[in-house]
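Data first, discussion second: the structure below is written as structure tokens.
The values are calculated or read from the model by the stated rules, or taken from the named source; none is laboratory data. Since the structure is predicted, the reported quantities are computational estimates derived from the model, not experimental observations. All Cβ positions, even for glycine, are placed from backbone atoms using ideal geometry, and neighbour counts span all protein chains on display. These accessible areas exclude ligands, DNA and RNA; they are computed on the full protein's heavy atoms, side chains included. Shrake-Rupley method; radii C 1.70, N 1.55, O 1.52, S 1.80 Å.
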Amino acid sequence: MSKGVVIFAFNNEQIDYLAMAAWSARNIRRHLDLPVCVITDVTDTARTAEFDQVVLTESPQTEQHRYFYDY
């Protein structure tokens, strides 16, 4: 495989990034006809079925905080 798309999806308490990544994967395949790989910490195979390849890793830990005031 020489072409494809990689999406990072690590959920938090407010945002389900894996759901957004699955939506993106469907549209990438539909419009670009490219395989999609997701890098995530979610182990539920039903939630990762949308992707051609799943790379499981630990969620990155950081001391930086981002605050969104619109929640």
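A compact table of results
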item	result
Where the chain is the region considered: accessible area per residue in Å², 1.4 Å probe	81 Å²
For ASP41, distant residues with modelled amide H under 5 Å away	ASN11, THR57
Of all accessible heavy-atom area on the chain, the percent that carbon and sulfur account for (1.4 Å)	52 percent
Total charge dipole magnitude, the chain, about the Cα centre, Cβ charges on Lys, Arg, Asp, Glu only, Debye to nearest 20	380 debye
In degrees, nearest ten, helix 17-32 long axis to first principal axis of the chain (Cα)	30 degrees
Descending Cα extents along the principal axes, the chain, whole Å	37, 26, 24
Mean separation of Cα contacts under 8 Å, 6 or more apart, over the residue count of segment 7-68: relative contact order %	31 percent
Helix-derived mean residue ellipticity, 222 nm - over the chain, DSSP H n ≥ 4, -39500 (n - 2.57), to 500	-7500 deg cm²/dmol
Gaussian network model of the chain, springs between alpha carbon atoms under 10 Å - residue of THR57, THR48, THR40 with greatest fluctuation	THR57
